[in-house]
Amino acid sequence: MSTTQTPPVLAAELAQAWADIQRYHPELPDLAAPESLIGESSSACGHELSFERLLHEAVHGIAAARGVRDTSRAGRYHNRRFLAIAEELGLDHPEEPHPSSGFSLVTLNPEAKRRYRPTIERLQRALKAHVAATSSETTRAFRGPAARHGSSGGGVRVKAVCDCGRNVRVVPSVLAQAPIVCGGCGKPFRIPEVMGAA
């Protein structure tokens, strides 16, 4: 019973945490589908689901809103433009970029930890409850960041686009579960290659 309630609760907490970030950074677009982050692995970013990961995704959101290209190599390499926005949002970074992912491994700085402390604590409680609920069914049922070594390789994110030209990176299996709707035009995001093949 608790398992069916946990994903909506976690999605609501993710949406609330995103709204908390928007309070400090109003240009951040709305989060189209919080639940898309729940089962999605983030091999490019190297983060499991956490507030730090959410703030990382917010950097990409602000970059998109500003029309800034913050990654290359199919979204894997996080460049210095990503880094500049990450610093604005309270994320620290290593001195040197990682050879394949650039500056993707950012961490919360002390000021951001203080600012978002209540948000972080709420989200950690929701994540803990989600993990407990999903692992109580069966260890193999949960396909989140900790389970990215599955045989299907379904954790690789691809670009999906909407009618107004915005794009998001998403795991195809997540997009197949339910539409992810653009907050700008209200149309669903689609994977171009899939559209062409269909």
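The values are calculated or read from the model by the stated rules, or taken from the named source; none is laboratory data. Quick caveat, the model's predicted, so the values are computed rather than measured. A quick note on method: Cβ atoms are made from the backbone with ideal geometry, for glycine too, and the neighbour counts reach across all protein chains shown. Accessible surface is based on the protein model in full, side chains and every heavy atom, while ligands, DNA and RNA are left aside. Shrake-Rupley method; radii C 1.70, N 1.55, O 1.52, S 1.80 Å.
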Exercise. Quick one: which residue in Leu54, Leu91, Leu49 is closer than 24 Å to Ala33 by Cβ and open to solvent by 20 Å² or more (accessible area, probe 1.4 Å)?
Key: Leu49
Practice problem: For residues that are assigned to a loop (DSSP other than H, G, I, E, B) and at pLDDT 85 or above, scanning just the range 105-142, find the one that is surrounded by the most Cβ atoms within 10 Å (Cβ to Cβ). | Solution: Val106
Quiz item: Name the pairs whose Cβ atoms lie under 7 Å apart, with the first residue in the range 156-182 and assigned to a helix (DSSP H, G or I), the second open to solvent by 30 Å² or more (accessible area, probe 1.4 Å), and 6 or more positions between them or separate chains?
Solution: Pro172/Val158; Val174/Gly39
Practice problem: Give the residues of the range 57-80 that are assigned to a loop (DSSP other than H, G, I, E, B) and either open to solvent by less than 20 Å² (accessible area, probe 1.4 Å) or within 17 Å of Leu108 (Cα to Cα) (or both), sorted by residue number. | Solution: Asp70, Gly75
Self-check item: Selected residue [loosely packed, with under 14 Cβ neighbours inside 10 Å and modelled with pLDDT under 80] from Pro145, Pro172, Pro192
Solution: Pro192
Practice problem: Can you tell me which residue among Ala15, Ala11 is closer than 30 Å to Ala132 by Cβ, surrounded by 17 or more Cβ atoms within 10 Å (Cβ to Cβ) and at pLDDT below 90? | Solution: Ala11
